[in-house]
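Below: the structure, in C-alpha coordinates.
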Amino acid sequence: MKAIRFMKPETIEYSEVPMPALGDGEVLAEIAYAGFCATDIELLTGEMVHIKNGNTTYPIIPGHEWSGTIVQTGKDVRGFRPGDRITSDVSLGCGKCDFCRRGHYNLCPNREVVGSYRNRQGVFAQYVAVPERHVYRIPEGLSLEEAALAEPAATAAYAVAKARIPAGAQVLVIGDGPIGQLAAQLAGIGGAGQVILAGSWDEKLDIARSCGISQTINYHREDVAERARALTGGEGPDIIIETSGSNGALHTAVQALRPTGRIVAVSWYNGPAVEVAMNTLIVKDAELIGSLASPNSFGPVLTYMASGKLKVKPLITHTRPLAELEDVVKMVREKKEMRIKILLKP
(Lines give C-alpha, C1' and ligand atoms only; values in the text may rest on other atoms or scores of the structure.)
Protein backbone atom coordinates (compact mmCIF):
# COMPACT_ATOMS: atom_id res chain seq x y z
CA MET A 1 0.00 0.00 0.00
CA LYS A 2 0.96 3.66 -0.29
CA ALA A 3 1.76 5.46 2.95
CA ILE A 4 3.48 8.46 4.45
CA ARG A 5 6.42 7.75 6.73
CA PHE A 6 8.44 10.14 8.84
CA MET A 7 11.95 8.71 8.38
CA LYS A 8 13.75 11.09 10.77
CA PRO A 9 13.14 14.66 11.93
CA GLU A 10 11.92 16.81 9.03
CA THR A 11 12.06 13.94 6.52
CA ILE A 12 8.82 12.82 4.86
CA GLU A 13 8.63 9.83 2.53
CA TYR A 14 5.58 8.83 0.45
CA SER A 15 6.14 5.30 -0.82
CA GLU A 16 5.03 1.68 -1.01
CA VAL A 17 5.07 -0.15 2.34
CA PRO A 18 3.81 -3.60 3.40
CA MET A 19 0.13 -4.02 4.20
CA PRO A 20 -0.56 -4.19 7.94
CA ALA A 21 -0.65 -7.66 9.45
CA LEU A 22 -4.19 -8.62 10.54
CA GLY A 23 -4.57 -10.14 14.00
CA ASP A 24 -7.29 -12.67 14.85
CA GLY A 25 -9.27 -10.08 16.80
CA GLU A 26 -8.69 -7.18 14.40
CA VAL A 27 -10.35 -5.60 11.39
CA LEU A 28 -8.58 -4.30 8.31
CA ALA A 29 -10.06 -1.08 6.95
CA GLU A 30 -9.52 0.97 3.84
CA ILE A 31 -9.06 4.57 4.95
CA ALA A 32 -11.36 7.17 3.38
CA TYR A 33 -10.18 10.29 5.23
CA ALA A 34 -7.39 10.99 7.71
CA GLY A 35 -7.27 14.17 9.78
CA PHE A 36 -4.09 16.22 10.13
CA CYS A 37 -3.27 17.22 13.72
CA ALA A 38 -0.70 19.34 15.54
CA THR A 39 0.61 16.10 17.06
CA ASP A 40 1.73 15.07 13.58
CA ILE A 41 3.90 18.20 13.37
CA GLU A 42 5.47 17.32 16.73
CA LEU A 43 6.27 13.84 15.41
CA LEU A 44 7.84 15.36 12.31
CA THR A 45 10.03 17.79 14.26
CA GLY A 46 11.01 15.20 16.87
CA GLU A 47 9.64 17.39 19.65
CA MET A 48 6.89 14.95 20.65
CA VAL A 49 7.37 13.55 24.15
CA HIS A 50 7.16 9.94 22.93
CA ILE A 51 10.05 10.56 20.52
CA LYS A 52 12.13 12.21 23.22
CA ASN A 53 11.62 9.40 25.74
CA GLY A 54 12.21 6.64 23.19
CA ASN A 55 8.72 5.14 23.21
CA THR A 56 8.35 6.06 19.54
CA THR A 57 11.13 5.72 16.99
CA TYR A 58 11.64 6.57 13.33
CA PRO A 59 10.49 5.57 10.81
CA ILE A 60 6.81 5.89 11.73
CA ILE A 61 3.54 6.05 9.79
CA PRO A 62 1.76 8.96 11.54
CA GLY A 63 -1.91 9.95 11.70
CA HIS A 64 -4.60 9.02 14.22
CA GLU A 65 -7.89 10.65 13.11
CA TRP A 66 -9.75 8.66 10.47
CA SER A 67 -12.78 7.04 8.91
CA GLY A 68 -13.00 4.12 6.52
CA THR A 69 -14.59 0.86 5.46
CA ILE A 70 -13.77 -2.68 6.60
CA VAL A 71 -12.32 -4.90 3.87
CA GLN A 72 -11.33 -7.93 5.98
CA THR A 73 -11.87 -9.29 9.49
CA GLY A 74 -9.77 -11.59 11.68
CA LYS A 75 -11.13 -15.04 12.50
CA ASP A 76 -12.24 -14.04 16.02
CA VAL A 77 -14.17 -10.90 14.98
CA ARG A 78 -17.91 -11.28 15.53
CA GLY A 79 -19.43 -7.79 15.64
CA PHE A 80 -18.26 -6.39 12.30
CA ARG A 81 -18.01 -7.50 8.69
CA PRO A 82 -16.58 -6.25 5.39
CA GLY A 83 -18.44 -3.21 4.12
CA ASP A 84 -19.08 -1.71 7.57
CA ARG A 85 -18.12 1.97 7.83
CA ILE A 86 -16.00 2.51 10.93
CA THR A 87 -13.62 4.62 12.93
CA SER A 88 -11.63 3.71 16.03
CA ASP A 89 -10.09 4.73 19.31
CA VAL A 90 -6.57 6.11 19.22
CA SER A 91 -5.39 4.68 22.55
CA LEU A 92 -5.48 0.90 22.16
CA GLY A 93 -5.47 -0.85 25.54
CA CYS A 94 -4.58 -4.47 26.22
CA GLY A 95 -8.12 -5.17 27.47
CA LYS A 96 -6.83 -7.21 30.42
CA CYS A 97 -5.17 -4.90 32.96
CA ASP A 98 -6.92 -3.14 35.83
CA PHE A 99 -7.01 0.21 34.00
CA CYS A 100 -8.63 -1.39 30.95
CA ARG A 101 -11.17 -3.29 33.06
CA ARG A 102 -12.18 0.02 34.69
CA GLY A 103 -12.57 1.71 31.30
CA HIS A 104 -9.38 3.78 31.58
CA TYR A 105 -7.70 2.18 28.58
CA ASN A 106 -6.06 5.54 27.84
CA LEU A 107 -3.86 4.76 30.86
CA CYS A 108 -3.17 1.09 30.06
CA PRO A 109 0.53 0.39 30.77
CA ASN A 110 0.60 -1.89 27.73
CA ARG A 111 -1.26 0.46 25.39
CA GLU A 112 -0.31 1.46 21.89
CA VAL A 113 -1.39 4.71 20.27
CA VAL A 114 -2.35 4.80 16.60
CA GLY A 115 0.24 6.77 14.67
CA SER A 116 2.67 7.35 17.52
CA TYR A 117 3.19 5.55 20.84
CA ARG A 118 5.12 2.27 20.49
CA ASN A 119 5.04 2.76 16.72
CA ARG A 120 1.51 1.50 16.21
CA GLN A 121 0.87 2.13 12.52
CA GLY A 122 -0.99 5.35 11.83
CA VAL A 123 -3.61 6.27 9.26
CA PHE A 124 -1.60 8.31 6.76
CA ALA A 125 -1.87 5.21 4.59
CA GLN A 126 -4.35 3.32 2.44
CA TYR A 127 -5.16 0.70 5.10
CA VAL A 128 -5.03 0.24 8.86
CA ALA A 129 -5.64 -2.71 11.22
CA VAL A 130 -7.25 -2.11 14.63
CA PRO A 131 -8.63 -4.37 17.39
CA GLU A 132 -12.38 -5.01 17.21
CA ARG A 133 -12.88 -3.83 20.82
CA HIS A 134 -11.74 -0.34 19.80
CA VAL A 135 -13.89 -0.06 16.65
CA TYR A 136 -17.06 2.05 16.27
CA ARG A 137 -19.65 1.79 13.53
CA ILE A 138 -20.41 5.08 11.77
CA PRO A 139 -24.17 5.81 12.00
CA GLU A 140 -26.34 5.95 8.91
CA GLY A 141 -26.61 9.46 7.50
CA LEU A 142 -23.19 10.54 8.75
CA SER A 143 -20.65 10.96 5.96
CA LEU A 144 -17.19 9.42 6.05
CA GLU A 145 -15.83 12.95 5.74
CA GLU A 146 -17.60 14.11 8.90
CA ALA A 147 -16.85 10.88 10.77
CA ALA A 148 -13.12 11.53 10.34
CA LEU A 149 -13.55 14.19 13.05
CA ALA A 150 -14.79 11.65 15.60
CA GLU A 151 -11.41 11.51 17.36
CA PRO A 152 -11.02 15.25 18.06
CA ALA A 153 -14.73 15.35 18.96
CA ALA A 154 -14.24 12.47 21.40
CA THR A 155 -11.20 14.17 22.92
CA ALA A 156 -13.28 17.31 23.42
CA ALA A 157 -16.17 15.28 24.84
CA TYR A 158 -13.94 13.60 27.42
CA ALA A 159 -12.66 17.00 28.57
CA VAL A 160 -16.22 18.33 28.81
CA ALA A 161 -17.26 15.27 30.82
CA LYS A 162 -14.36 15.83 33.22
CA ALA A 163 -15.46 19.45 33.63
CA ARG A 164 -18.76 18.28 35.21
CA ILE A 165 -20.66 21.27 33.84
CA PRO A 166 -23.61 22.24 36.06
CA ALA A 167 -26.85 23.11 34.31
CA GLY A 168 -26.80 26.77 33.29
CA ALA A 169 -23.08 27.22 33.98
CA GLN A 170 -20.96 29.93 32.40
CA VAL A 171 -18.23 28.23 30.32
CA LEU A 172 -15.15 29.68 28.66
CA VAL A 173 -13.23 27.62 26.09
CA ILE A 174 -9.76 28.87 25.16
CA GLY A 175 -8.52 27.90 21.69
CA ASP A 176 -10.32 28.12 18.34
CA GLY A 177 -8.80 24.99 16.77
CA PRO A 178 -10.75 21.74 16.28
CA ILE A 179 -10.71 20.67 19.96
CA GLY A 180 -11.74 24.12 21.16
CA GLN A 181 -14.52 24.48 18.60
CA LEU A 182 -15.89 21.02 19.41
CA ALA A 183 -15.54 21.47 23.17
CA ALA A 184 -17.50 24.72 22.96
CA GLN A 185 -20.34 23.02 21.09
CA LEU A 186 -20.33 20.04 23.45
CA ALA A 187 -20.40 22.32 26.50
CA GLY A 188 -23.60 23.81 25.13
CA ILE A 189 -25.05 20.36 24.46
CA GLY A 190 -24.08 19.43 28.02
CA GLY A 191 -26.22 22.15 29.57
CA ALA A 192 -24.09 25.29 29.80
CA GLY A 193 -26.09 28.48 30.08
CA GLN A 194 -23.54 30.46 28.08
CA VAL A 195 -20.46 29.37 26.15
CA ILE A 196 -17.66 31.79 25.31
CA LEU A 197 -14.90 30.87 22.86
CA ALA A 198 -11.59 32.73 22.90
CA GLY A 199 -9.30 32.50 19.89
CA SER A 200 -7.05 34.35 17.49
CA TRP A 201 -8.75 34.24 14.05
CA ASP A 202 -11.90 36.22 13.30
CA GLU A 203 -12.78 33.69 10.56
CA LYS A 204 -12.62 30.81 13.04
CA LEU A 205 -14.69 32.72 15.57
CA ASP A 206 -17.25 33.43 12.84
CA ILE A 207 -17.50 29.68 12.20
CA ALA A 208 -17.97 29.08 15.92
CA ARG A 209 -20.88 31.55 16.03
CA SER A 210 -22.43 29.86 12.99
CA CYS A 211 -22.32 26.61 15.00
CA GLY A 212 -24.22 28.16 17.90
CA ILE A 213 -21.53 29.59 20.19
CA SER A 214 -23.06 32.64 21.81
CA GLN A 215 -20.00 34.79 22.56
CA THR A 216 -16.47 34.99 21.15
CA ILE A 217 -13.30 36.86 22.13
CA ASN A 218 -10.36 37.61 19.85
CA TYR A 219 -7.39 37.73 22.20
CA HIS A 220 -5.42 39.94 19.81
CA ARG A 221 -7.88 42.75 20.50
CA GLU A 222 -9.27 42.05 23.97
CA ASP A 223 -8.00 40.89 27.33
CA VAL A 224 -9.56 37.43 27.65
CA ALA A 225 -9.82 37.37 31.46
CA GLU A 226 -11.28 40.87 31.62
CA ARG A 227 -13.79 40.26 28.81
CA ALA A 228 -14.80 36.85 30.20
CA ARG A 229 -15.55 38.40 33.58
CA ALA A 230 -17.59 41.14 31.91
CA LEU A 231 -19.64 38.52 30.03
CA THR A 232 -20.33 36.60 33.24
CA GLY A 233 -21.60 39.39 35.47
CA GLY A 234 -18.16 40.27 36.76
CA GLU A 235 -17.62 36.94 38.53
CA GLY A 236 -15.82 34.93 35.86
CA PRO A 237 -16.68 31.62 34.20
CA ASP A 238 -17.66 28.63 36.34
CA ILE A 239 -15.80 26.29 33.97
CA ILE A 240 -12.80 26.93 31.71
CA ILE A 241 -11.60 24.38 29.16
CA GLU A 242 -8.08 25.22 27.95
CA THR A 243 -7.31 23.59 24.59
CA SER A 244 -4.50 25.71 23.15
CA GLY A 245 -1.50 24.30 25.01
CA SER A 246 -0.26 27.83 25.66
CA ASN A 247 1.33 28.46 29.05
CA GLY A 248 0.02 32.01 28.86
CA ALA A 249 -3.51 30.76 28.19
CA LEU A 250 -3.37 28.55 31.27
CA HIS A 251 -2.33 31.58 33.33
CA THR A 252 -5.23 33.55 31.82
CA ALA A 253 -7.62 30.75 32.77
CA VAL A 254 -6.53 30.87 36.41
CA GLN A 255 -7.01 34.65 36.50
CA ALA A 256 -10.42 34.55 34.81
CA LEU A 257 -11.94 31.66 36.77
CA ARG A 258 -14.77 32.25 39.21
CA PRO A 259 -14.02 31.11 42.78
CA THR A 260 -14.89 27.39 43.27
CA GLY A 261 -14.65 26.94 39.50
CA ARG A 262 -12.88 24.27 37.47
CA ILE A 263 -10.22 24.40 34.75
CA VAL A 264 -9.74 21.41 32.45
CA ALA A 265 -6.44 21.33 30.55
CA VAL A 266 -6.62 19.25 27.35
CA SER A 267 -3.46 20.00 25.39
CA TRP A 268 0.25 19.31 25.90
CA TYR A 269 2.28 22.23 27.28
CA ASN A 270 5.83 23.21 26.36
CA GLY A 271 8.75 22.50 28.66
CA PRO A 272 9.32 20.02 31.50
CA ALA A 273 7.19 22.10 33.87
CA VAL A 274 4.46 24.69 33.48
CA GLU A 275 4.21 27.66 35.82
CA VAL A 276 0.74 27.86 37.36
CA ALA A 277 -0.47 30.48 39.85
CA MET A 278 -1.23 27.84 42.48
CA ASN A 279 -1.84 30.37 45.24
CA THR A 280 -4.55 31.95 43.11
CA LEU A 281 -6.16 28.54 42.57
CA ILE A 282 -6.00 27.86 46.30
CA VAL A 283 -7.43 31.23 47.24
CA LYS A 284 -10.25 30.61 44.75
CA ASP A 285 -10.86 27.12 46.21
CA ALA A 286 -10.69 25.96 42.58
CA GLU A 287 -9.81 22.80 40.66
CA LEU A 288 -7.27 22.19 37.89
CA ILE A 289 -7.98 18.94 36.02
CA GLY A 290 -5.98 17.12 33.37
CA SER A 291 -7.69 15.33 30.48
CA LEU A 292 -5.91 12.65 28.42
CA ALA A 293 -7.22 11.26 25.13
CA SER A 294 -10.80 10.12 24.57
CA PRO A 295 -11.81 6.93 26.42
CA ASN A 296 -15.45 5.86 26.13
CA SER A 297 -16.34 8.98 24.15
CA PHE A 298 -16.62 7.92 20.50
CA GLY A 299 -20.13 6.47 20.75
CA PRO A 300 -21.76 9.62 22.17
CA VAL A 301 -20.07 12.03 19.74
CA LEU A 302 -20.94 9.89 16.70
CA THR A 303 -24.57 9.99 17.85
CA TYR A 304 -24.43 13.76 18.31
CA MET A 305 -22.82 14.18 14.89
CA ALA A 306 -25.40 11.97 13.16
CA SER A 307 -28.29 13.82 14.82
CA GLY A 308 -26.94 17.22 13.78
CA LYS A 309 -26.47 18.42 17.36
CA LEU A 310 -22.69 18.50 16.92
CA LYS A 311 -21.77 20.35 13.74
CA VAL A 312 -18.46 19.25 12.29
CA LYS A 313 -18.71 19.94 8.57
CA PRO A 314 -18.10 23.72 8.95
CA LEU A 315 -14.81 22.87 10.67
CA ILE A 316 -13.43 21.02 7.62
CA THR A 317 -11.60 23.82 5.84
CA HIS A 318 -9.29 21.81 3.57
CA THR A 319 -9.20 18.40 1.87
CA ARG A 320 -5.97 17.33 0.18
CA PRO A 321 -4.50 14.13 -1.32
CA LEU A 322 -2.24 12.25 1.09
CA ALA A 323 0.62 12.62 -1.40
CA GLU A 324 0.53 16.41 -0.82
CA LEU A 325 1.37 16.18 2.90
CA GLU A 326 4.57 18.20 2.50
CA ASP A 327 2.54 21.08 1.04
CA VAL A 328 0.07 20.78 3.94
CA VAL A 329 2.89 20.97 6.48
CA LYS A 330 4.25 24.06 4.74
CA MET A 331 0.83 25.73 4.82
CA VAL A 332 0.39 24.95 8.53
CA ARG A 333 3.79 26.33 9.40
CA GLU A 334 3.37 29.54 7.44
CA LYS A 335 0.16 30.35 9.37
CA LYS A 336 -1.03 32.63 6.57
CA GLU A 337 -4.15 30.70 5.61
CA MET A 338 -7.08 30.14 7.96
CA ARG A 339 -7.59 26.47 8.72
CA ILE A 340 -9.38 24.41 11.33
CA LYS A 341 -9.38 20.79 10.20
CA ILE A 342 -7.41 19.48 7.22
CA LEU A 343 -8.44 16.08 5.87
CA LEU A 344 -6.13 13.91 3.80
CA LYS A 345 -7.44 11.43 1.22
CA PRO A 346 -5.29 8.31 0.75
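The values are calculated or read from the model by the stated rules, or taken from the named source; none is laboratory data. Fair warning: this is a prediction, and the values are worked out from it, not measured in the lab. As a convention, Cβ positions derive from the backbone with ideal geometry for all residues, glycine included, and neighbour counts pool all protein chains shown. All accessible areas refer to the heavy atoms of the entire protein, side chains included, with ligands and DNA or RNA removed. Shrake-Rupley method; radii C 1.70, N 1.55, O 1.52, S 1.80 Å.
Taking 0.36 nm per residue of separation and subtracting the Cα-Cα distance, what length does fully extending ARG164 through GLU140 add?
Numbers: separation 24, 0.36 × 24 = 8.64 nm, distance 3.00 nm.
Gain in length upon complete extension: 5.6 nm.
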Can you give the accessible area of ARG227, probe radius 1.4 Å, in Å² rounded to 10? 80 Å²
Degrees, to the nearest 10: 298-307 long Cα axis against longest axis of the chain: 80 degrees
Hey, what D do you get for the range 238-298 in µm²/s if you plug the Kirkwood alpha-carbon radius into Stokes-Einstein at 25 °C and 0.890 mPa s? 204 µm²/s
Net lengthening on full extension, GLU16/GLU337 (0.36 nm per residue, minus Cα-Cα): 112.4 nm
Computed on Cα atoms, Rg of the range 96-164 relative to 2.2 N^0.38 Å comes out at 1.27
Expressed as a whole-number percentage, the relative contact order of the chain with C-alpha contacts under 8 angstrom and at least six residues apart is 18 percent
Kindly identify the range 243-346 as rounded, prolate or oblate by the Cα gyration tensor criterion: order the square roots of the eigenvalues as a ≥ b ≥ c, call it rounded if a/c is under 1.5, otherwise compare a/b with b/c, prolate if a/b is larger, else oblate. oblate
Would you mind computing Rg(Cα) / (2.2 N^0.38 Å) for the range 1-45, counting N as its residues? 1.38
So which GluC sites (Glu not before Pro) in the range 238-339 end up in coil per DSSP with only 11 or fewer other C-beta atoms within 10 Å? GLU275, GLU337
Given Cβ point charges of +1 (Lys, Arg) and -1 (Asp, Glu) and nothing else, what value in debye, to the nearest 20, does the dipole of the chain about its Cα centre take? 560 debye
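Taking R0 as 51 Å, what FRET efficiency do you get between LYS2 and SER307 from their Cβ-Cβ distance, rounded to the nearest 0.05?
Numbers: r = 35 Å, r/R0 = 0.69.
Taking R0 as 51 Å, the efficiency between LYS2 and SER307 is 0.90.
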Give the angle, between 0 and 90 degrees and rounded to the nearest 10, that separates the Cα long axis of helix 150-163 from the longest principal axis of the Cα atoms of the chain. 40 degrees
Mind running the shape call on the range 59-191? Use the C-alpha gyration tensor, a ≥ b ≥ c as the square roots of the eigenvalues: rounded below 1.5 for a/c, prolate if a/b tops b/c, oblate otherwise. prolate
Mind checking the alpha-carbon convex hull of the range 127-259 and giving the volume per residue in Å³? 138 Å³
Label model pair THR317, GLU226: point-to-point distance (7 angstrom along the Cα→beta-carbon line) in nm is 2.7 nm
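Is there a quick way to get the dipole size of the range 157-247? I mean about its Cα centre, with the Cβ of Lys and Arg at +1 and of Asp and Glu at -1; what is the value in debye to the nearest 20?
240 debye
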With all protein chains present, the range 100-235 has a carbon and sulfur share of its accessible area (1.4 Å probe) in percent of 45 percent
Given TYR127, THR11, SER143, which one lies farthest toward the positive end of the charge dipole of the range 1-156, if we put +1 on the Cβ of every Lys and Arg and -1 on the Cβ of every Asp and Glu? TYR127
Rg/Rh for the range 198-309, where both radii come from Cα atoms and Rh is the Kirkwood radius: 0.99
So for the range 20-127, using the alpha carbon gyration tensor with a ≥ b ≥ c as root eigenvalues (a/c under 1.5 gives rounded; past that, a/b versus b/c decides prolate or oblate), I'd call it oblate
The chain: Kirkwood hydrodynamic radius (Cα pairs, Å) comes out at 20.6 Å
Expressed in angstrom and rounded, the centroid-to-centroid distance over alpha carbons for the range 238-293 and the range 1-51 is 32 Å
Of PRO109, SER67, THR56, which is farthest towards the positive pole of the range 30-142's charge dipole, taken about the Cα centre with +1 and -1 on the beta-carbons of Lys, Arg and Asp, Glu respectively? PRO109
222 nm [θ] for the chain, helices only, -39500 (n - 2.57) per DSSP H run of 4+, per residue, to 500? -8000 deg cm²/dmol
Out of the GluC sites (Glu not before Pro) in the range 70-173, which ones are loop residues according to DSSP with at most 16 other C-beta atoms within 10 Å? GLU140
How large is the accessible surface per residue of the chain, computed with a 1.4 Å probe and reported in Å² as a whole number? 43 Å²
At R0 = 25 Å the Cβ-Cβ FRET efficiency linking ASN218 and ASN279, nearest 0.05, sits at 0.25
